[in-house]
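J.: Got a structure for you, questions after.
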Amino acid sequence: MQSLIRNFSIIAHIDHGKSTLADRFLEATGAVTAREAKEQILDAMDLERERGITIKAHAVAIRYRAKDGKTYALHLIDTPGHVDFTYEVSRSLAACEGALLLVDATQGVQAQTIANVNLAMANHLTIIPVINKIDLASADVEGTKQSIADILQLDATDAMPISAKEGKGVPDVLEAIIERIPPPSGNPDAPLKALIFDSWFDNYQGVIVLTRIVDGSVRPGMKIKVMSNGRTFEVMEVGQFTPKRTKGTQLLTGEVGYLCANMKEVADVKIGDTITDAVNPTGEPFPGYKEVKPLVFCGLYSTDTAKYEDLRDALVKLRLNDSSFVYEPETSLALGFGFRCGFLGLLHMEIIQERLEREYGLTLITTAPTVVYRVLTTKGDVLEIDNPAELPPPNSIESFEEPFILATVITPERYMGAILKLCQERRGIQRDIHFLDPTRVVISYEMPLNEVILDFYDKLKSRTQGYASLDYELLGYRESDLVKIDILLNGEAVDALSFITHRERAYFRGRQMAEKMKELIPRQMFEIAIQAAIGNKVIARETIGAMKKNVTAKCYGGDITRKRKLLEKQKEGKKRMKAVGSVEVPQEAFLAILKVG
Ligand code: GDP
Ligand code: MG
C-alpha cells in the first residue's frame, strides 16, 4: 500500500557514518544478520569497501514493523558523499521524499554536509537531522545542533542523537522516518511513469535499471518505452534488493526497485530518463537531470600494446555502469594506441583506473590529468582542448581560457594560515572568509581548476592533518595567460608528458619536472638528456648518466637465488614501464606533474 511506503536517502559528509547507519537499519529490520552487516553490505564492491566509500547509488528495500503495528516498506537509497559524485547524489535524491541528514558530532557540519543539504532542498525533501557518534567522548551534540540550525538553517530542535556504531537511537530514527517523511504521492491508475536513477550492466541480463515508479506500475511481459529515444522493450524481470536481489511480480506506484528488459546498450537507458507504458504512454517525461560534463581528462594506455582491444571492451562495460565517464580513442606518438578519458574529478578517475586493473586484469599507463581548455584561434575557431598534445602552435592561438571553480574549505581556525598560503600558491583569488562557529572558518577562493587537480586535495588534507573539508562548484571559463611545456627525452618531445600551465609558473614547473623526471627514470645503458621547453626555448635540463655495469654483476657468481630475486624485482619494476623511443619510462614519470608544487 502506497501509504506504507517511505523512500529516503542518508546524506552526510564522508566518514560521518552513512554506511554504518544503513547496516544498522538492515540489522534492526532483520534483513541481514549482524555478522553479515559487519561487512557493510551496501558498499558492495571490494574497491568501495577498501576505500570506505560508496561509489554507486544502491537502493535497498526493507520491511519494518513500526510501533503503530503496521509493516512499512522502507526504500533506502544510498548515496556517495564525495565531492566528485554530486551528480550521483542528486539523481538518487530525486527518487526520494525524505533524507536523513547525518552529522558526525565530533566533526560538525562539513563542506559536503552543506552541499548535500542544498541538493536535498532543491529536491524538496523532508530533512531529518541526525547527530551521529555520540558514543565518542569528543562528541558535541549541542554544538552540532547549533551549527545545523545556524549554518544549514534547519530546525534542529528534533535532531536525533545516535550512535550508528552501537545502534543507540537507531529505532527512534526508524520511527521518525515513518512519522516525518511523507509517503509517495503518485497516481496508481495513471499510465506508467518511472524514473531511471541508476543502471549497470549484467553479463547475463544486459542492462539493469534502478527505477522509482512515480505513477502506474510495471510487471514482466509489459511493453515499455524509454521516452528520450522512443525505444521499446519487453520487461523480463522486476524486483528489489533486500539487500539480496529478489525477483518480484510487479513494481507499484511509489516503489523503488530494479527492472531488466533486454536492454543491451547504454544508449538505451539514460540516467534521468523516463520509462513509460509503450501502449499507453504518460504525457510528460521528467525534466531530466542536469547534464554532467567530465571536468578532468587523462590518457589511458595498456602497458601491453596487444591488450588494446581488452582495454576498449573494459571501457565499454564500465561505461554501462557509470554514464558520467567518457572515453574516445587517442593515439600518442610516445604511448601508441589508447584512450582519452573524462571524469567528474580526481577520485572518480582513480576509481575507474583501479577498476580497469582489478576487474579486467589490465595494467595501465595513465597520463597526467588535465582540465578542458578553450582556445580561440587566430582564424576565429573555438577549440576545446582536453589533451595538451593537441594544442595548436602558439602563433595560431588568439586567446586561452581555463575553467575556474569556487572552492569552499571548512577548517579549524588554526590551519587558516596554511590554507590561505596553499590557495595563494595555486593562483587562488580570495572571495570570503568567515567564522562558522567560534573555532572554525569557511574560506572561499576562486581558483583555476587546473591548479586544484594538481594534488590540491591531498595537500589540503596533509597541511590540516585531515581536518579541512573541501567542496567546489564550477564558475565558468576565464581568460588566462597559459603556455604549454614540452618534455624532451634525448631531444624528442614526448607528447604524453606535455602539460599546460600559467606563464608565471612555467619556469618553476619546467625545472621541477625535469628534476622529478631525473629522479623517476631509472639509469639505462646510455645517457639520457631531459629537457623542458616552451616552444623551441629550453627552460630546464637534466642528465641521467649511463649505467656503469650490469646490476647482476654485483652478485658474485654462486648466489643463484639472490640473482634470481634481483632479476624478478627488475621484471616487476618493468611491468609499468613504457618504451618511449629507446628510453624506458616508468608510470610514475607520466604523473610527475602531480608531484611538483
Ligand atoms: P560513511 O563514509 O558516511 O559511509 O561512513 P562509514 O559508515 O563508513 O563510517 C566511517 C567511520 O566512522 C567508520 O570507521 C565507522 O566505524 C565509524 N563510525 C560510524 N558511526 C559511528 C558511531 O556512531 N560511533 C563511532 N565511534 N564510530 C562510528
Ligand atoms: Mg559509506
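J.: As I understand it, the dipole of the chain uses +1 on the Cβ of Lys and Arg and -1 on the Cβ of Asp and Glu, about the Cα centre. Which of Leu154, Thr276, Val596 lies farthest toward its positive end?
T.: Going by the Cα projections, it comes out as Val596.
J.: Return one number: the angle in degrees, 0 to 90 and rounded to the nearest 10, between the long axis of the Cα atoms of helix 111-122 and the longest principal axis of the Cα atoms of the chain.
T.: 50 degrees
J.: Taking the Cα centre of segment 374-480 as origin and charging only Cβ (+1 Lys, Arg; -1 Asp, Glu), how large is the dipole, in debye to the nearest 20?
T.: 520 debye
J.: Based on alpha-carbon positions alone, could you give the equivalent ellipsoid semi-axes of segment 217-295 from the gyration tensor, as √(5λ), descending, whole Å?
T.: 21, 17, 13
J.: For segment 478-554, which GluC sites (Glu not before Pro) are in a loop by DSSP, counting at most 16 other Cβ atoms within 10 Å?
T.: Qualifying residues, ordered by number: Glu527.
J.: Taking 27 Å as the cut-off for C-alpha to C-alpha distance, list the pairs among Lys421/Lys484; Lys307/Lys548; Lys223/Lys270; Lys307/Lys518 that go past it. List each step's numbers first, then the result.
T.: Numbers: Lys421/Lys484 25 Å; Lys307/Lys548 34 Å; Lys223/Lys270 18 Å; Lys307/Lys518 29 Å.
Beyond 27 Å: Lys307/Lys548; Lys307/Lys518.
J.: Moving on to the next point. Please compute the contact order of segment 357-418 in relative form: average sequence separation of alpha-carbon pairs under 8 Å and at least six residues apart, divided by the residue count, as a percent.
T.: Normalised by residue count, the contact order of segment 357-418 is 29 percent.
J.: Still on this model: Quick one: putting +1 on the C-beta of Lys and Arg, -1 on the C-beta of Asp and Glu, what dipole do you get for the chain around its Cα centre, in Debye to the nearest 20?
T.: So the magnitude is around 1880 debye.
J.: Here's something else I'd like to know. So what's the back-of-envelope 222 nm ellipticity for the chain, counting only DSSP H runs of four-plus at -39500 (n - 2.57) apiece and dividing by all residues, rounded to 500?
T.: About -7500 deg cm²/dmol.
J.: With the contact rule set at Cα under 8 Å and sequence spacing of 6 or more, what percent relative contact order holds for the chain?
T.: 10 percent
J.: Further question: Compute the angle between helix 308-321 and the longest alpha-carbon principal axis of the chain, please, reported from 0 to 90 degrees and rounded to the nearest 10.
T.: Roughly 30 degrees, rounded to the nearest 10.
J.: Based only on Cα atoms, what Rg/Rh ratio does the chain have, Rh being taken as Kirkwood's radius? Walk me through the numbers before you get to the answer.
T.: Values: Rg = 26.7 Å, Rh = 26.5 Å.
Value, to two decimals: 1.01.
J.: A further question follows. With axes computed from alpha carbons, what is the tilt in degrees of helix 560-575 against the longest principal axis of the chain, rounded to the nearest 10 within 0 to 90?
T.: 70 degrees
Taken together, the values in this text are just the output of simple stated rules run on the coordinates, not laboratory data. Source: prediction; values computed, not measured. When we count neighbours, we look across all protein chains shown, and the Cβ atoms used for this are built from the backbone with ideal geometry, even at glycine.
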